[in-house]
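The values are calculated or read from the model by the stated rules, or taken from the named source; none is laboratory data. All of these numbers come straight from a predicted model, not from anything done at the bench. When we count neighbours, we look across all protein chains shown, and the Cβ atoms used for this are built from the backbone with ideal geometry, even at glycine. Only protein heavy atoms, including side chains, enter the accessible area calculation; ligands, DNA and RNA are left aside. Shrake-Rupley method; radii C 1.70, N 1.55, O 1.52, S 1.80 Å.
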Amino acid sequence: MNVLAQEAAGAVSTGEAVVFWILGPIALACAIGMIFVRSAVHSALLLVSTMFCLAIFYIVQSAPFLGFVQIIVYTGAVMMLFLFVLMLVGRDSSDSVVEVLRGQRVAGLLLGLGLAVLLVSGLSRALVSVEPVGLAADGAGSGNNVVGLGQLIFGPYVYAFELTAALLMTAALGALVFALAQSTAHDKRGQRATVIARLRGEHARISPLPGPGVFATANSVAVPALLPDGSIAPESLSEIIDATPVAPVEDVLPDARALTGRSSDTSAHDGEDRS
Amino acid sequence: MNTWLAQEPEPVEGLTRTQQLLADDPLWLILLKVVALFAIGVVLTLVMINAERKVVGRMQQRPGPNRTGPGGWLQSLADGLKLAFKEDIMPVMADKKIYFIAPVISTIPAFVAFSVIPFGGEVVIFGEPTVLQLVDLPVGVLVVLACASIGVYGIVLGGWASGSPYPLLAALRSAAQVISYEIALGLSIVAVILYAGSLSTADIVAAQASGWFGWLLIPSFVVFVISMVGETNRAPFDLPEAESELVGGFHTEYSSLKFALFFLAEYVNMVTVSAMATTLFLGGGMWPWPLSFLNGNGWLQMVAFLIKMSLFLFLFIWLRGTLPRLRYDQFMKLGWKVLVPISLMWIVVIFAIRVFRNSGNDLSTLLVTIGIILAVVLMIAFLVPERSRPQETVELASDYPVPPLDLAVPTPSRHKLRPRAAESREPALAGPDPKEGE
């Protein structure tokens, strides 16, 4: 790592070049694929691979701390939360082709183009007019990457750092408050409170609904519970099962040949049925 | 990456001795170390599966596997071979590519994390002085965390790509679980980094020459051990593969070699976190005091490392044989409301102590003062009478037969008072005991 740092600023070693020309196209292809892939999860995964490639670039360019933090924070936590939401939404949901807001697509296109122009102009200026100084001279990369970063963050930039932290903290707390404000409307009852509510008669009955029980002949939900005298317990009848229309199964004569796959005389059998 | 890029053989300014030795490694030695690490991972997995079945068996009063090989120790090898020859099933609803790549994603980081573990000190291999470690990055501890966070993708994607509800639920659980426990894990490492003054694993081991961090930073150690069990999805925190709730969890639909890869990843992860715990808190490959004369030899250090690591591996088995699985909300509560706040407070305490000591004050007077204040507060707390809570009565709304609400559990338990005469007891199936019959 330091070997790289000590080389002349701007010079590229062989190893760095090899890594760049292998991972650069991969990162670019993944980024483009992320936009054009249909499935949302595939798109998120391609973004993950782009971020991973970027992390390796950081590591190769003498910023191991930044690289691994990129993997831990962005690839590990942020994109995992994205995936979490995408998986909850469902696998079959893809982009809808209906425009919800009027003129949304045109506005999006224009704004995107504007952003692209800004980025390209900024980057081109950075490519042409900024002189690379290398890492050996500066504190951030020399000796120990972590120490250099720490001295910068907690030295000259401590106020910016603390303010950013406070901002993020406020956002997280705000999200918590919003989420909890919605869920405390029906606050959760503990086990004991539920029992007392049941005893007070706030529920339809004290005990749970009877299952098929010891007197029934089967333990399927379709079979009603039997009371000790043999009669059917009315609470155990499932309304859903009762309401489902049932067609009686046709009586088909068992034919052993149907199992073997040879259907030599099924036509004769059909004729028999029709008669 | 580091060693591969550093092509100059001569030592470089600013590198520690370990880093210099590792940068000098020729290619064949690096390859040898990689193969050895892979072998250690696979062999430890096989041994660990067998040991787990045997130890859990012993805890449940049964022998465990004892047929295949000497003493049954080849059972997991036979199982592994059998798994490889089983039919590979691709579910109809599966997302083919992701279903295929998920086990790979979960296995590779598990092995990569192995590369920063300092197994031992300086040795000479075929005339080449080196260190028993593949790489020593200046951010070695972060590598393990990064690998853990990539490894979750395997579980999450495998569960999602199976196209089946149980694995999906397991994937969601796993995502939430690993993220929340990684926070606790990362916070418990902070104290170690503060005391060692470095993120490199070799430096952390070297910093423990005067005393293991396991003693010095007991709260961090406890939090690390708890959250490493959560991080590896092991019992009692094995909610992503809870058999009683989710069939098999995220790998319900997997079979054959893909399932074997998931299995391998789980056990290699256990080995990795055990190795990390050894490195961070138990002084790595250092022998404790009466045996400290053994520290001169790098290979003997590796023996010490493996012994300490197997203690943690035994802990994993022990937990699985002893504890019931936690409910999911209790588990998350433990992570977010107990482990994370404890770690944060502990970090603040450590900062305070270090600042206090660095500003030239005497620590013992401070501790005595705090102790006296604490004792006074406790005395007052004991003297304040307890508030009596009125027992609320519940009006029964129906005549449904319920037991009395103030039902007290009877105190004297007869089977505990009775002398323990296991040999005189009848087998359970032999009918009721005439002395107990009522």
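In region B:287-299 there is no residue matching the filter, namely being modelled with pLDDT of 90 or more and either more than 21 Å from B:Ala39 (Cα to Cα) or in contact with a Pro (Cβ under 8 Å, 6 or more places away or on another chain) (or both). Counting only residues that are buried (at least 24 other Cβ atoms within 10 Å of the Cβ) and more than 10 Å from chain A (Cβ to nearest Cβ), which one in region B:145-173 is farthest from B:Leu246 (Cα to Cα)? Among them, the one singled out is B:Gly154.
B:Ala84 falls short of the stated requirement of being farther than 30 Å from B:Trp160 by Cα, out of contact with any Cys (no Cβ under 7 Å at 6 or more places or on another chain) and open to solvent by 20 Å² or more (accessible area, probe 1.4 Å).
Screening B:Ile218 on (1) within 26 Å of B:Ile183 (Cβ to Cβ); (2) modelled with pLDDT under 85 shows it passes everything except condition (2).
Taking the numbered list (1) under 18 Å from the mean Cα position of the chain (by Cα); (2) surrounded by fewer than 18 Cβ atoms within 10 Å (Cβ to Cβ) in turn, B:Val141 passes all entries but (2). Of all residues in region B:299-352, which are in a helix (DSSP H, G or I), touching a residue at least 24 places away in the same chain (Cβ under 8 Å), open to solvent by 60 Å² or more (accessible area, probe 1.4 Å) and charged (D, E, K, R)? Within region B:299-352, just B:Arg320 meets the criteria.
When we screen A:Phe20, A:Phe82 for residues that are surrounded by 15 or more Cβ atoms within 10 Å (Cβ to Cβ) and under 29 Å from B:Ile183 (Cα atoms), the only hit is A:Phe82. Criterion first (assigned to a helix (DSSP H, G or I), modelled with pLDDT of 85 or more, more than 10 Å from chain B (Cβ to nearest Cβ) and over 28 Å from B:Pro167 (Cα atoms)) does A:Gly67 satisfy it? Spelling it out, it is not the case that A:Gly67 is assigned to a helix (DSSP H, G or I), modelled with pLDDT of 85 or more, more than 10 Å from chain B (Cβ to nearest Cβ) and over 28 Å from B:Pro167 (Cα atoms). Would you be able to say whether some residue in region B:191-211 is within 14 Å of chain A (Cβ to nearest Cβ), over 20 Å from the mean Cα position of the chain (by Cα), under 30 Å from B:Met93 (Cα atoms) and among the hydrophobic types (A, V, I, L, M, F, W, C)? No, region B:191-211 contains no residue that is within 14 Å of chain A (Cβ to nearest Cβ), over 20 Å from the mean Cα position of the chain (by Cα), under 30 Å from B:Met93 (Cα atoms) and among the hydrophobic types (A, V, I, L, M, F, W, C).
Against the definition (on the phi < 0 side of the Ramachandran plot and buried (at least 24 other Cβ atoms within 10 Å of the Cβ)), how does B:Ala184 come out, yes or no? Taking the combined requirement at face value, the residue satisfies it. B:Ala235 satisfies every condition listed in (1) among the small types (Gly, Ala, Ser); (2) surrounded by fewer than 24 Cβ atoms within 10 Å (Cβ to Cβ); (3) more than 30 Å from B:Gly159 (Cβ to Cβ) except (3). The residues in region B:88-106 that are under 18 Å from B:Glu266 (Cα atoms) and not hydroxyl-bearing (Ser, Thr, Tyr) can be counted, and the count is 6.
Across region B:384-394, the number of residues qualifying as modelled with pLDDT of 75 or more and within 14 Å of chain A (Cβ to nearest Cβ) comes to 0. Taking region B:380-404 as the range and being surrounded by 10 or more Cβ atoms within 10 Å (Cβ to Cβ) and not hydroxyl-bearing (Ser, Thr, Tyr) as the test, the residues that pass are B:Val394, B:Leu396, B:Ala397, B:Val402. Can you confirm whether B:Arg17 is modelled with pLDDT under 75, more than 14 Å from every other protein chain (Cβ to nearest Cβ) and open to solvent by 40 Å² or more (accessible area, probe 1.4 Å)? Here the answer is yes, as B:Arg17 does meet what is asked. Selection of region A:99-117 for residues being assigned to a loop (DSSP other than H, G, I, E, B), open to solvent by 100 Å² or more (accessible area, probe 1.4 Å) and not β-branched (Val, Ile, Thr) yields A:Leu101, A:Arg102.
Across region A:15-44, the qualifying residues are those that are facing chain B (nearest Cβ under 8 Å), farther than 18 Å from A:Phe68 by Cα and assigned to a helix (DSSP H, G or I), and the one among them that is modelled with the highest pLDDT is A:His42. I'd like to check something: does region B:97-112 contain any residue that is over 30 Å from B:Leu323 (Cβ atoms), buried (at least 21 other Cβ atoms within 10 Å of the Cβ) and in contact with a Gly (Cβ under 6 Å, 6 or more places away or on another chain)? No; the residues of region B:97-112 include none that is over 30 Å from B:Leu323 (Cβ atoms), buried (at least 21 other Cβ atoms within 10 Å of the Cβ) and in contact with a Gly (Cβ under 6 Å, 6 or more places away or on another chain).
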